[in-house]
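What follows is a single structure, written as C-alpha cells, with notes after it.
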Amino acid sequence: MREVQSERGERLGRGAKRVAATIAGRASGRSAVNGRHAFRNWAGHVHAHPHTFSGPASAEELAGIVTAAAAAGDRLRVVGAGHSFTPVAAGDDVMVSLDGLSGIVAVDEVAGRVRFHAGTRLRDIPALLAPFGLALENQGDVNPQSLAGAISTSTHGTGIGFTGFAGTVTGLSLMGPDGEVRELSAEAEPEIFDLARVGLGVLGVITEVELQCVPAFDLIAEEKVAGFDELLDGLTERMRGADHFEFYWFPHTDSVLTKTNTRVEPGQVGPGHLAEAGVRNRWLNLLDKEVVENGALRLAVELGAKVPAVVPSINRIAQSVVADRTYRAPGHDVFVTPRRVRFNEMEYALPFDSGPEAIREIRDVIEAKGWAISFPLEVRCAAADDVPLSTASGRETMYIAVHRFIKEDFAEYFRVVEEILCRHGGRPHWGKIHTRTAADLHELYPRFADFCDLRARLDPEAMFGNRFTDSLFGLTRR
C-alpha cells in the first residue's frame with residue numbers, strides 16, 4: 001500500500017492541542033453546563049452529560065485518553081456525527097470525537113483497497129478518493145456520519161447486489177482498554193476481525209478502517225411515480241431488476257415515488273432508453289434538493305404537527321405534484337440527499353420476500369388507527385453478507401423505515417409498526433429507535449453469543465459501553 005498524508009492530516013498534526021479543544025465541540029451539539037458537557041444527537045431526542053469530552057488529534061493522544069479512563073474506572077463512548085437515533089454513542093463519563101483522526105492513511109491502487117482514519121466523514125470520502133479514480137461501492141442517502149460509526153451500526157444503501165458498508169471492510173485497527181492497537185483482517189486475527197466489522201463500539205475504539213473500493217462510476221437516476229398496490233405486487237422483481245432501487249410512500253396516498261439508479265462508467269452511454277440521459281444542471285439539482293424537497297417538506301410537517309387533520313390532504317397534494325425525471329451524475333451525488341428537516345426514525349431489516357406483506361400491514365394499521373403520518377415510509381434492499389452482526393447477515397434483506405417529525409410523538413406509531421416488523425423476523429437497525437433486548441437479539445443473530453463472549457474477553461470491565469449497549473448485550477459492569 002502507498003501511504004498518503006492528506007493536507008488535513010498535516011494541519012491537524014501541527015495544531016493538535018487547538019484541534020482537540022475545538023473539533024469535539026462541533027461534533028454533535030456539545031456544550032458545557034455546570035462543569036459537565038451536554039451532548040445531544042442530531043434528532044435532539046438523546047441527551048448525555050459526560051464529565052469529559054475529548055477530540056484527540058493523534059492515535060497517541062487517543063491512547064492516553066483511553067488508558068486514563070480505564071485507570072479511573074470510567075466508561076468511554078466514541079461519537080461521530082451523533083446521527084444515531086438511539087443512545088448508542090451517548091456516554092455519562094467520557095465521550096470522544098474522532099474528527100481529528102480524518103483522511104486517507106494508505107491506498108493500494110492495484111487492489112482498490114483504501115485505508116482511512118476512523119473519524120473520516122462519509123461526505124469527505126468522494127473528494128479523497130477522486131485522485132485515485134476510486135469510489136465507495138455503495139452509499140446511503142445521508143453522509144454526515146463518521147466512517148467508524150457507519151460500519152459499527154451496519155449502515156447501508158440500497159441495491160440487491162450490494163452489501164452495506166461493513167461488507168466492504170477488509171481491515172481494522174482496534175484500540176483496547178490498555179491503549180494498544182490490534183491490526184485485524186481476514187489474515188490477521190480473523191476471528192476478531194470477523195466479529196468486529198459491526199461492533200457498536202463495544203469491543204474497543206476503531207482507529208483505522210480499510211475498505212474495498214471500486215472504480216469511480218456514474219449513476220443514471222430515474223424518479224417516477226407508481227401505484228402503491230401495483231408496485232408491491234412486483235416489488236421483489238423490480239428490486240432484482242435494478243442496480244439500485246428504493247421507494248417512498250406518503251401515508252394516506254395510493255401512489256409511491258420510486259428511485260431507480262443504473263450504474264455506468266464515466267463517459268459511457270447509458271443502456272436503451274437511458275442513452276440520452278444527461279448531467280443535470282447543478283443549480284437545478286440544488287433547487288430541487290434544498291428548496292423543493294427540504295423546504296416544502298418542512299412547511300408540510302410543521303403544519304401537520306399543528307393541525308394533524310390536514311396531513312392526509314397535504315400528503316395527497318405533495319404526491320400529486322411530483323414529476324418524473326431522469327438525470328445523470330457521479331454516484332455519490334445521486335445516492336446522497338441533504339436532510340434539513342429533523343426527525344426520529346425506526347428501521348427494520350426483514351427477510352427479502354417478507355417486505356411487501358409487512359408494508360401492506362403498516363398501511364392498514366395507519367388507517368385503522370386514524371393516525372396522521374406526515375413523513376414517508378422508505379423501503380430499500382441489500383445483498384446478504386457474512387458479517388455476524390450485520391442486519392443483512394446471512395440473508396437478502398428488505399429494509400423498511402418509518403419516521404416522525406421531531407415535534408411529534410413517535411412512541412405509539414413506532415411501537416405498533418415494530419410489532420409488525422418483528423412478526424416478520426425483522427432485525428432492528430443498530431443506530432435507529434427500537435426496543436429489542438439481548439434475549440430478542442440472540443434469536444435473530446446465530447453468532448450473537450460469540451460476539452458477547454468476544455466482548456467479555458477484549459473488554460472485561462465493559463468500559464467501552466453504556467446502559468443502552470448493556471441492554472443489548474446482556475452485560476452489567478463488575
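The values are calculated or read from the model by the stated rules, or taken from the named source; none is laboratory data. Please read all numbers here as calculations on a predicted model, not as lab measurements. Positions of Cβ are backbone-derived with ideal geometry, glycine not excepted, and every protein chain shown enters the neighbour counts. These accessible areas exclude ligands, DNA and RNA; they are computed on the full protein's heavy atoms, side chains included. Shrake-Rupley method; radii C 1.70, N 1.55, O 1.52, S 1.80 Å.
Is it fair to say SER374 is free of Cβ contacts under 8 Å to residues at least 24 places away in the same chain and polar (S, T, N, Q)? No. The lone criterion from (1) open to solvent by 50 Å² or more (accessible area, probe 1.4 Å); (2) at negative phi left unmet by GLY394 is number (2).
Residue pairs whose Cβ atoms lie under 7 Å apart, separated by 6 or more positions or on different chains, with the first residue in segment 62-85 and in a loop (DSSP other than H, G, I, E, B) and the second of a type in the set (Asp, Glu), are ASP74/ASP93; ARG75/ASP92; ARG75/ASP93; PHE85/GLU345. Among helices (runs of 4 or more DSSP H) entirely within segment 103-217, having at least 3 residues that are closer than 30 Å to PHE247 by Cβ singles out 125-129, 147-152. Listed conditions (1) in contact with a strand residue (DSSP E or B) (Cβ under 8 Å, 6 or more places away or on another chain); (2) at pLDDT below 95; (3) open to solvent by 30 Å² or more (accessible area, probe 1.4 Å) are all met by GLY304, apart from (3).
Scanning segment 103-119 for any residue that is over 20 Å from VAL169 (Cα atoms), among the basic types (Lys, Arg) and open to solvent by 20 Å² or more (accessible area, probe 1.4 Å) turns up nothing. Scanning segment 125-177 for residues that are among the hydrophobic types (A, V, I, L, M, F, W, C) and under 20 Å from PHE352 (Cβ atoms) turns up ILE160, PHE162, PHE165, ALA166. With modelled with pLDDT of 95 or more and loosely packed, with under 14 Cβ neighbours inside 10 Å as the only criterion, which of ALA449, ALA462, ALA401 stands out? On inspection, the qualifying residue turns out to be ALA449. Inspection of segment 341-360 finds a residue satisfying the criterion of being in contact with a Leu (Cβ under 7 Å, 6 or more places away or on another chain), surrounded by fewer than 23 Cβ atoms within 10 Å (Cβ to Cβ), at pLDDT below 95 and not assigned by the TED database to the domain that holds GLY157.
Scanning segment 213-249 for residues that are under 14 Å from MET398 (Cβ atoms) and open to solvent by 30 Å² or more (accessible area, probe 1.4 Å) returns GLU237, ARG238, ARG240.
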